[in-house]
Amino acid sequence: MQSALRQQLLQHLADGACYSGSWLGEQLGMSRAAVWKHIQHLQAEGVPIQAIVGRGYQLAQRYEALDAEQIHAARQFNVPLELIILDKVDSTNAELLRRRSLLQISDWQKHYVCLAEQQSAGRGRRGRVWHTSWGASLALSYMARLALAPMNLAGLSLVIGMAVVDVLRVQGVSGAGLKWPNDILVDGAKLGGILIDLSAEANGPSDVVIGVGLNITASANAEMQNIEQAWTDLYSITQKNYSRNQLSAALLDSFAQNLHRFEQYGFVDFISAWPDYDVLQHKTIQISQGERSFSGLAQGVDEQGALCVATFDGIKKVTAGEVSVRVNS
(Lines give C-alpha, C1' and ligand atoms only; values in the text may rest on other atoms or scores of the structure.)
Protein backbone atom coordinates (compact mmCIF):
# COMPACT_ATOMS: atom_id res chain seq x y z
CA MET A 1 0.00 0.00 0.00
CA GLN A 2 2.77 2.44 0.92
CA SER A 3 4.51 1.87 -2.41
CA ALA A 4 1.25 2.33 -4.34
CA LEU A 5 0.56 5.62 -2.57
CA ARG A 6 4.04 6.89 -3.31
CA GLN A 7 3.63 5.98 -6.98
CA GLN A 8 0.38 7.98 -7.04
CA LEU A 9 2.15 10.88 -5.37
CA LEU A 10 4.87 10.79 -8.02
CA GLN A 11 2.28 10.75 -10.78
CA HIS A 12 0.79 13.97 -9.41
CA LEU A 13 4.26 15.57 -9.40
CA ALA A 14 5.28 14.10 -12.77
CA ASP A 15 4.77 17.24 -14.86
CA GLY A 16 7.40 19.15 -12.88
CA ALA A 17 4.94 21.74 -11.53
CA CYS A 18 4.74 22.74 -7.86
CA TYR A 19 1.81 21.44 -5.78
CA SER A 20 0.87 22.23 -2.22
CA GLY A 21 0.82 19.59 0.49
CA SER A 22 -2.86 20.23 1.14
CA TRP A 23 -3.79 19.75 -2.54
CA LEU A 24 -1.75 16.53 -2.74
CA GLY A 25 -3.38 15.34 0.47
CA GLU A 26 -6.85 15.91 -0.98
CA GLN A 27 -5.97 13.92 -4.11
CA LEU A 28 -4.54 11.02 -2.11
CA GLY A 29 -7.00 11.04 0.80
CA MET A 30 -4.44 11.80 3.51
CA SER A 31 -3.28 14.64 5.72
CA ARG A 32 -0.55 17.16 4.85
CA ALA A 33 1.62 15.54 7.52
CA ALA A 34 1.21 12.14 5.86
CA VAL A 35 2.15 13.67 2.48
CA TRP A 36 5.31 15.09 4.06
CA LYS A 37 6.27 11.67 5.45
CA HIS A 38 5.91 10.12 2.01
CA ILE A 39 7.94 12.97 0.49
CA GLN A 40 10.70 12.37 3.03
CA HIS A 41 10.77 8.66 2.22
CA LEU A 42 11.04 9.37 -1.51
CA GLN A 43 13.81 11.90 -0.94
CA ALA A 44 15.72 9.32 1.11
CA GLU A 45 15.43 6.94 -1.85
CA GLY A 46 17.08 9.51 -4.10
CA VAL A 47 13.99 11.00 -5.73
CA PRO A 48 14.83 14.69 -6.43
CA ILE A 49 11.78 16.35 -4.84
CA GLN A 50 12.20 19.95 -3.73
CA ALA A 51 10.24 21.35 -0.77
CA ILE A 52 9.54 25.02 -1.56
CA VAL A 53 8.58 27.11 1.47
CA GLY A 54 5.11 28.58 1.15
CA ARG A 55 4.37 26.78 -2.12
CA GLY A 56 4.68 23.00 -1.81
CA TYR A 57 6.58 20.22 -3.55
CA GLN A 58 8.16 19.94 -6.98
CA LEU A 59 10.23 17.38 -8.86
CA ALA A 60 13.59 18.65 -10.14
CA GLN A 61 12.64 17.44 -13.63
CA ARG A 62 9.64 16.09 -15.49
CA TYR A 63 9.07 12.41 -14.80
CA GLU A 64 7.65 9.54 -16.81
CA ALA A 65 7.32 6.27 -14.92
CA LEU A 66 8.61 3.19 -16.71
CA ASP A 67 5.56 1.23 -17.81
CA ALA A 68 5.50 -2.28 -19.32
CA GLU A 69 2.21 -1.77 -21.16
CA GLN A 70 3.44 1.40 -22.83
CA ILE A 71 6.71 -0.24 -23.85
CA HIS A 72 4.98 -3.30 -25.34
CA ALA A 73 2.50 -1.06 -27.19
CA ALA A 74 5.33 0.93 -28.79
CA ARG A 75 7.30 -2.12 -29.98
CA GLN A 76 7.19 -3.09 -33.65
CA PHE A 77 9.51 -6.12 -33.89
CA ASN A 78 7.66 -9.31 -32.94
CA VAL A 79 10.03 -11.06 -30.52
CA PRO A 80 8.52 -12.53 -27.32
CA LEU A 81 9.78 -10.50 -24.36
CA GLU A 82 9.32 -10.63 -20.61
CA LEU A 83 9.65 -7.15 -19.11
CA ILE A 84 10.77 -6.66 -15.50
CA ILE A 85 10.48 -3.10 -14.15
CA LEU A 86 11.91 -2.25 -10.74
CA ASP A 87 12.00 0.92 -8.65
CA LYS A 88 15.55 0.26 -7.46
CA VAL A 89 18.12 -2.47 -8.01
CA ASP A 90 21.83 -2.95 -7.53
CA SER A 91 22.31 -3.59 -11.25
CA THR A 92 19.89 -4.53 -14.03
CA ASN A 93 22.54 -6.86 -15.46
CA ALA A 94 23.00 -8.53 -12.08
CA GLU A 95 19.25 -8.94 -11.69
CA LEU A 96 18.94 -10.77 -15.00
CA LEU A 97 21.94 -12.96 -14.19
CA ARG A 98 20.27 -13.97 -10.91
CA ARG A 99 17.05 -14.83 -12.73
CA ARG A 100 18.97 -16.74 -15.40
CA SER A 101 19.88 -19.44 -12.88
CA LEU A 102 16.17 -20.21 -12.42
CA LEU A 103 15.30 -20.59 -16.11
CA GLN A 104 14.62 -23.90 -17.84
CA ILE A 105 15.55 -24.71 -21.44
CA SER A 106 11.99 -24.03 -22.62
CA ASP A 107 12.09 -20.55 -21.06
CA TRP A 108 14.68 -19.40 -23.60
CA GLN A 109 12.06 -19.19 -26.33
CA LYS A 110 11.70 -15.56 -25.29
CA HIS A 111 14.06 -12.77 -24.32
CA TYR A 112 14.17 -11.01 -20.95
CA VAL A 113 14.45 -7.31 -20.20
CA CYS A 114 15.03 -5.53 -16.90
CA LEU A 115 14.61 -1.78 -16.41
CA ALA A 116 14.99 0.20 -13.21
CA GLU A 117 14.27 3.73 -12.07
CA GLN A 118 17.54 3.72 -10.16
CA GLN A 119 20.66 1.54 -9.85
CA SER A 120 22.65 1.54 -6.63
CA ALA A 121 25.62 -0.40 -8.04
CA GLY A 122 25.53 -0.09 -11.81
CA ARG A 123 28.78 -1.13 -13.46
CA GLY A 124 30.84 0.45 -16.19
CA ARG A 125 33.97 -0.92 -17.79
CA ARG A 126 36.77 -2.28 -15.60
CA GLY A 127 34.57 -2.29 -12.49
CA ARG A 128 33.79 1.43 -12.51
CA VAL A 129 30.49 2.64 -11.09
CA TRP A 130 27.91 3.77 -13.66
CA HIS A 131 25.79 6.57 -12.21
CA THR A 132 22.07 6.02 -12.83
CA SER A 133 20.12 8.92 -11.36
CA TRP A 134 16.55 8.31 -10.28
CA GLY A 135 14.09 8.87 -13.13
CA ALA A 136 16.67 10.85 -15.13
CA SER A 137 18.45 8.00 -16.89
CA LEU A 138 17.65 4.82 -18.71
CA ALA A 139 19.07 1.65 -17.15
CA LEU A 140 18.15 -1.28 -19.37
CA SER A 141 19.42 -4.85 -19.64
CA TYR A 142 18.48 -7.36 -22.33
CA MET A 143 19.10 -11.11 -21.98
CA ALA A 144 18.95 -13.65 -24.79
CA ARG A 145 20.34 -17.09 -25.59
CA LEU A 146 22.34 -17.19 -28.83
CA ALA A 147 23.18 -20.39 -30.68
CA LEU A 148 26.84 -19.38 -30.79
CA ALA A 149 30.00 -20.44 -29.02
CA PRO A 150 31.82 -17.70 -27.04
CA MET A 151 34.59 -17.60 -29.65
CA ASN A 152 31.99 -16.47 -32.20
CA LEU A 153 30.78 -13.50 -30.16
CA ALA A 154 33.66 -11.20 -31.10
CA GLY A 155 32.38 -7.77 -32.05
CA LEU A 156 29.04 -8.13 -30.26
CA SER A 157 29.55 -5.03 -28.08
CA LEU A 158 30.23 -2.99 -31.23
CA VAL A 159 27.06 -4.31 -32.88
CA ILE A 160 25.01 -3.32 -29.82
CA GLY A 161 26.65 0.10 -29.79
CA MET A 162 25.73 0.59 -33.43
CA ALA A 163 22.16 -0.45 -32.63
CA VAL A 164 21.95 2.16 -29.85
CA VAL A 165 23.38 4.92 -32.07
CA ASP A 166 20.90 4.03 -34.83
CA VAL A 167 18.04 4.61 -32.39
CA LEU A 168 19.55 7.87 -31.13
CA ARG A 169 19.97 9.21 -34.65
CA VAL A 170 16.34 8.47 -35.44
CA GLN A 171 15.50 10.37 -32.23
CA GLY A 172 17.34 13.44 -33.53
CA VAL A 173 20.77 12.97 -31.92
CA SER A 174 22.71 13.38 -35.16
CA GLY A 175 26.14 13.73 -33.52
CA ALA A 176 26.09 10.38 -31.69
CA GLY A 177 28.98 7.99 -32.27
CA LEU A 178 30.98 5.20 -30.64
CA LYS A 179 34.30 5.22 -28.88
CA TRP A 180 35.72 1.70 -29.04
CA PRO A 181 34.73 -0.55 -27.45
CA ASN A 182 31.51 0.57 -25.75
CA ASP A 183 31.17 4.30 -25.00
CA ILE A 184 28.40 6.34 -26.62
CA LEU A 185 29.63 9.89 -27.22
CA VAL A 186 28.24 13.14 -28.54
CA ASP A 187 30.82 15.81 -29.37
CA GLY A 188 33.36 14.12 -27.10
CA ALA A 189 31.04 13.90 -24.08
CA LYS A 190 29.75 10.57 -22.79
CA LEU A 191 26.01 10.08 -23.24
CA GLY A 192 25.94 6.41 -22.28
CA GLY A 193 27.70 3.08 -22.16
CA ILE A 194 27.33 -0.61 -22.81
CA LEU A 195 28.34 -3.58 -20.67
CA ILE A 196 27.93 -7.19 -21.79
CA ASP A 197 27.99 -10.15 -19.40
CA LEU A 198 28.35 -13.63 -20.81
CA SER A 199 27.63 -17.13 -19.53
CA ALA A 200 28.28 -20.00 -21.91
CA GLU A 201 29.50 -23.53 -22.51
CA ALA A 202 32.67 -23.90 -24.57
CA ASN A 203 30.72 -24.87 -27.68
CA GLY A 204 27.61 -22.81 -26.95
CA PRO A 205 24.93 -21.82 -26.65
CA SER A 206 25.79 -18.45 -25.11
CA ASP A 207 23.59 -16.50 -22.72
CA VAL A 208 24.31 -12.81 -23.17
CA VAL A 209 23.15 -9.99 -20.93
CA ILE A 210 23.43 -6.60 -22.61
CA GLY A 211 23.39 -3.62 -20.28
CA VAL A 212 22.83 -0.11 -21.60
CA GLY A 213 22.86 3.12 -19.62
CA LEU A 214 21.78 6.43 -21.16
CA ASN A 215 21.58 9.88 -19.56
CA ILE A 216 18.16 11.42 -20.29
CA THR A 217 17.90 14.50 -18.03
CA ALA A 218 20.84 13.78 -15.73
CA SER A 219 22.00 17.41 -15.55
CA ALA A 220 19.25 18.05 -12.98
CA ASN A 221 20.94 15.69 -10.49
CA ALA A 222 23.63 17.08 -8.24
CA GLU A 223 25.42 13.73 -7.88
CA MET A 224 26.34 13.81 -11.57
CA GLN A 225 28.34 17.01 -11.07
CA ASN A 226 31.07 15.03 -9.29
CA ILE A 227 31.93 12.91 -12.33
CA GLU A 228 35.33 13.88 -13.73
CA GLN A 229 34.72 12.58 -17.26
CA ALA A 230 32.95 14.91 -19.70
CA TRP A 231 29.33 13.78 -19.96
CA THR A 232 26.04 14.94 -21.40
CA ASP A 233 22.36 13.98 -21.55
CA LEU A 234 19.66 13.87 -24.21
CA TYR A 235 17.85 16.96 -22.97
CA SER A 236 21.02 19.07 -22.98
CA ILE A 237 21.76 17.98 -26.55
CA THR A 238 18.33 18.40 -28.12
CA GLN A 239 16.22 20.43 -25.65
CA LYS A 240 13.54 17.74 -26.07
CA ASN A 241 11.69 15.77 -23.40
CA TYR A 242 12.10 12.12 -24.38
CA SER A 243 9.69 9.35 -23.44
CA ARG A 244 11.74 6.68 -21.71
CA ASN A 245 9.07 4.12 -22.58
CA GLN A 246 9.17 4.89 -26.29
CA LEU A 247 12.96 5.04 -26.25
CA SER A 248 13.08 1.67 -24.47
CA ALA A 249 10.74 0.12 -27.06
CA ALA A 250 12.91 1.40 -29.92
CA LEU A 251 16.06 0.01 -28.28
CA LEU A 252 14.44 -3.40 -27.70
CA ASP A 253 13.38 -3.61 -31.34
CA SER A 254 16.86 -2.63 -32.51
CA PHE A 255 18.53 -5.19 -30.21
CA ALA A 256 16.24 -8.00 -31.35
CA GLN A 257 16.83 -7.27 -35.03
CA ASN A 258 20.59 -6.86 -34.74
CA LEU A 259 21.07 -9.90 -32.49
CA HIS A 260 19.24 -12.02 -35.06
CA ARG A 261 21.48 -10.68 -37.84
CA PHE A 262 24.62 -11.15 -35.71
CA GLU A 263 23.61 -14.71 -34.87
CA GLN A 264 23.24 -15.49 -38.58
CA TYR A 265 26.28 -13.72 -40.02
CA GLY A 266 28.57 -12.47 -37.25
CA PHE A 267 30.37 -9.14 -37.01
CA VAL A 268 31.66 -9.44 -40.57
CA ASP A 269 28.21 -8.40 -41.76
CA PHE A 270 28.50 -5.09 -39.86
CA ILE A 271 32.12 -4.12 -40.37
CA SER A 272 31.62 -2.09 -43.55
CA ALA A 273 29.29 0.28 -41.66
CA TRP A 274 31.66 0.75 -38.69
CA PRO A 275 33.44 3.89 -39.99
CA ASP A 276 30.13 5.79 -39.89
CA TYR A 277 30.00 5.24 -36.10
CA ASP A 278 33.69 5.38 -35.19
CA VAL A 279 34.69 8.58 -33.35
CA LEU A 280 38.35 7.44 -33.14
CA GLN A 281 38.91 7.01 -36.88
CA HIS A 282 42.28 8.53 -37.96
CA LYS A 283 42.86 10.13 -34.56
CA THR A 284 46.04 9.81 -32.52
CA ILE A 285 45.16 7.71 -29.49
CA GLN A 286 46.86 6.21 -26.46
CA ILE A 287 46.18 2.67 -25.31
CA SER A 288 46.76 1.82 -21.66
CA GLN A 289 46.98 -1.86 -20.68
CA GLY A 290 47.89 -2.05 -17.03
CA GLU A 291 51.37 -0.58 -16.60
CA ARG A 292 52.00 -0.71 -20.34
CA SER A 293 50.88 1.94 -22.81
CA PHE A 294 51.54 2.94 -26.41
CA SER A 295 50.30 5.47 -28.94
CA GLY A 296 49.30 5.34 -32.58
CA LEU A 297 46.78 6.26 -35.22
CA ALA A 298 43.33 4.63 -34.98
CA GLN A 299 42.58 2.65 -38.15
CA GLY A 300 39.15 1.17 -37.46
CA VAL A 301 38.54 -2.44 -36.46
CA ASP A 302 39.17 -5.88 -37.93
CA GLU A 303 36.63 -8.65 -38.59
CA GLN A 304 36.84 -9.73 -34.94
CA GLY A 305 36.09 -6.25 -33.64
CA ALA A 306 39.67 -5.62 -32.48
CA LEU A 307 40.85 -2.00 -32.61
CA CYS A 308 43.56 -1.51 -35.25
CA VAL A 309 46.27 1.00 -34.34
CA ALA A 310 49.03 2.11 -36.70
CA THR A 311 52.33 2.48 -34.81
CA PHE A 312 55.99 2.85 -35.79
CA ASP A 313 56.23 -0.92 -35.33
CA GLY A 314 53.31 -1.63 -37.67
CA ILE A 315 49.62 -2.30 -37.10
CA LYS A 316 48.75 -3.47 -33.60
CA LYS A 317 45.41 -5.08 -32.84
CA VAL A 318 43.89 -4.25 -29.47
CA THR A 319 41.26 -6.42 -27.82
CA ALA A 320 41.35 -4.82 -24.36
CA GLY A 321 42.57 -1.60 -22.78
CA GLU A 322 41.79 2.01 -21.97
CA VAL A 323 41.65 4.32 -24.98
CA SER A 324 42.16 8.08 -24.83
CA VAL A 325 42.46 10.59 -27.64
CA ARG A 326 45.72 12.51 -27.63
CA VAL A 327 45.52 16.24 -28.27
CA ASN A 328 48.21 17.37 -30.66
CA SER A 329 50.17 20.32 -29.34
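Within segment 289-311, the set of residues being touching a residue at least 12 places away in the same chain (Cβ under 8 Å) and over 25 Å from the mean Cα position of the chain (by Cα) comprises Gln289, Phe294, Ser295, Gly296, Leu297, Ala298, Gln299, Asp302, Glu303, Val309, Ala310, Thr311. Scanning segment 22-69 for residues that are assigned to a loop (DSSP other than H, G, I, E, B), among the polar types (S, T, N, Q) and open to solvent by 30 Å² or more (accessible area, probe 1.4 Å) returns a single hit, Ser31.
Test Ala218 against the stated conditions and say whether it is modelled with pLDDT of 95 or more and within 23 Å of Ala14 (Cα to Cα). Walk me through how you get there before you give the answer.
Details: modelled with pLDDT of 95 or more: no; within 23 Å of Ala14 (Cα to Cα): yes.
The answer is no for Ala218.
Note on segment 236-247: among residues that are in a helix (DSSP H, G or I) and either touching a Cys at 6+ places or on another chain (Cβ under 7 Å) or touching a residue at least 40 places away in the same chain (Cβ under 8 Å) (or both), the one that is most open to solvent (accessible area, probe 1.4 Å) is Gln246.
Scanning segment 107-148 for residues that are farther than 19 Å from Leu66 by Cα, at pLDDT 90 or above and open to solvent by 10 Å² or more (accessible area, probe 1.4 Å) yields Asp107, Trp108, Gln109, Lys110, Arg145, Ala147, Leu148.
Taking segment 277-323 as the range and being assigned to a loop (DSSP other than H, G, I, E, B) and open to solvent by 30 Å² or more (accessible area, probe 1.4 Å) as the test, the residues that pass are Val279, Gln281, His282, Lys283, Gly290, Glu291, Glu303, Gln304, Phe312, Asp313, Thr319, Ala320.
Looking at Gln229, is it more than 30 Å from Leu81 (Cβ to Cβ), modelled with pLDDT of 95 or more and among the polar types (S, T, N, Q)?
The answer is no for Gln229.
The sole residue among Ala273, Ala250 that is farther than 23 Å from Ala154 by Cβ and part of a helix (DSSP H, G or I) is Ala250. Ile105 meets each of the listed conditions (1) aliphatic (A, V, I, L, M); (2) more than 17 Å from Ser141 (Cα to Cα); (3) in contact with a Cys (Cβ under 9 Å, 6 or more places away or on another chain) apart from (3). Scanning segment 1-12 for residues that are more than 14 Å from His41 (Cβ to Cβ) and either touching a strand residue (DSSP E or B) at 6+ places or on another chain (Cβ under 8 Å) or open to solvent by less than 60 Å² (accessible area, probe 1.4 Å) (or both) turns up just one, His12. The lone criterion from (1) out of contact with any His (no Cβ under 7 Å at 6 or more places or on another chain); (2) on the phi < 0 side of the Ramachandran plot; (3) not polar (S, T, N, Q) left unmet by Gly29 is number (2).
The values are calculated or read from the model by the stated rules, or taken from the named source; none is laboratory data. In this text, all values refer to a predicted model and were calculated from it rather than measured experimentally. Neighbour counts run over all protein chains shown; Cβ positions are idealised from the backbone, glycine included. These accessible areas exclude ligands, DNA and RNA; they are computed on the full protein's heavy atoms, side chains included. Shrake-Rupley method; radii C 1.70, N 1.55, O 1.52, S 1.80 Å.
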